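The structure under discussion appears below in the form of structure tokens.
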Amino acid sequence: MYELGRAGFQGYLVGGGVRDLLAGVQPKDFDVATDAEPEQVAEVFRRCRLIGRRFRLAHVRMGPEIIEVATFRAKPGELGDDDAGDDDPLHLTDDGGRILRDNVYGSLEDDAFRRDFTINALYYRVTDFSVVDYVGGMDDMHAKRVRLIGDPVTRYREDPVRMLRAVRIANKLGFSIDETAAAPLADMADLLADVPAARLFDEVLKLFLSAQAEQNYADLSAHGLFAAMFPMTADALAAHPETETVIHGALAGTALRVREDRPVTPAFLYAALLWPVVYQTITPRLADGESVAQALAATGGDIVSDQVELVAIPRRFSTPMREIWQLQPRFERRRGKRPLRLLEHPRFRAAYDFLLLRVAAGEAEQELADWWTEFQEANPVERKATADSAPSGRRRRGRRGGGRRNKRSD
Ligand code: ATP
Ligand code: MG
């Protein structure tokens, strides 16, 4: 910001950086807004890269950080009459009012009004250490309130992802969603179906690979936003409410790991988010005598390909996700060399963690989890003895109805 000033430009800290600092939360990254055009920004900073085709942005490297420097932009309809005709090539919306293109430079004030929430439109100025506020964002900071700039229905229509951002930002800061912003959510949730699947993938990770994962899930569910993104899961949960324990467990574990700065993986998260669907799909097949492995092999791919139409799951995550599912029946086979082989599988640890969630959901016996916990902690000699004396876990085939069915997951 100082360097931009020395070069004769304005430079403000804006967005999440200002918002989080004011709320006493550690910002994730810093965004700068400026009246300099991207090419001019590139002349000011040596370590600068211009990115983006739709939005031209400058990424300026400062030590280990990358600062995103964006030129003030105007919002559709905020331009003079001369510029804002129906056939304006730079501002394009679809029939539903969704913004398809908005790449027109504007003033600082224009830039404030095209942002989503008032608390995201505060500009911190280093020349006098003041905060510039055109939209009442400071009042909302004090009231701990997430409020849209302008008419909520219009703003959600322009970009339905704002509905998800409202939930995420409110929970990140411990703020509430203003009534005017919360009321339309349930009715508008279905608009998420029009958002590109790759963008929803990014948002889902921000929502659930987060310290507020559980609260985000609860609020998304309450507002119908979860069902809009994961309709198969929502349907399966209605039929098998007990499988929600797996989702809750995964989110609680993720939140804890994030707080402890330990790594988290989208594969595990998605394995849990789709597990109710898997469970519902394979259950009738097991009753027909198929093994879990057969039923999973037959149905896992379809579940994934249906889901990725709405929320993308890149293959580098869907492959390990399916492995986590496919390893589940192998925990039942504890005799001989099998458990050692499973232990050496690269996905063993994730699959074992997943087994613990299924035990908590009542799908597998606690005894099975305890056995594997002990087996992992044992030394090689003890492991052999444990495996030699293990229950066979072999499933008697062809038995239908009647009799005692060991484990629902068997
Ligand atoms: P965080 O970085 O914690 O995820 P953020 O608010 O900084 O939160 P970014 O995606 O980094 O989120 O966006 C930076 C700023 O850009 C926002 O604060 C907001 O002013 C603006 N912005 C982001 N997404 C939108 C959107 N969908 N509609 C309007 N403005 C947006
Ligand atoms: Mg940010």
Using only alpha carbon positions, build the gyration tensor of the chain, then give the equivalent ellipsoid semi-axes as the square roots of 5 times its eigenvalues, largest first, whole angstrom. 49, 24, 18
When the scattering of the stretch 197-410 is computed by the Debye formula from its Cα atoms alone, each counted once and equally, what is log10 I(q)/I(0) at q = 0.12, 0.14, 0.17 Å⁻¹? -0.65, -0.87, -1.24
Work out which chymotrypsin sites (Phe, Trp or Tyr not before Pro) in the chain are exposed loop sites (DSSP not H, G, I, E or B, at most 14 other Cβ within 10 Å) and give the longest gap free of them. 130-410
accessible surface per residue for the stretch 197-410, probe 1.4 Å, DNA/RNA/ligands not counted, whole Å² -> 48
Under 22 Å from the Cα of K337 - lysines, other chains or at least 8 residues apart: K384
Using a 1.4 angstrom probe and counting only protein chains, how large is the accessible area of R47 in Å², to 10? 120
When the chain is treated as a GNM, springs tying every alpha-carbon pair under 10 Å, which of D31, D95, D202 comes out with the largest mean-square fluctuation? D95
I'd like to know how the stretch 234-288 sits against the 2.2 N^0.38 Å rule of thumb: what's its Cα Rg over that expected value? 1.31
Considering only protein heavy atoms and a 1.4 Å probe, what is the carbon-and-sulfur percentage of the accessible area of the chain? 48
Among the lysines, which have Cα under 28 Å from the Cα of K172 when same-chain residues fewer than 8 positions away are ignored? K28, K75, K144, K206
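The values are calculated or read from the model by the stated rules, or taken from the named source; none is laboratory data. Since we're looking at a predicted model, the values are computed, not measured. Cβ coordinates were reconstructed from backbone atoms using ideal geometry, including for glycine residues, and neighbour counts include every protein chain displayed. Surface areas here come from the heavy atoms of the whole protein model, side chains and all, with no ligands, DNA or RNA. Shrake-Rupley method; radii C 1.70, N 1.55, O 1.52, S 1.80 Å.
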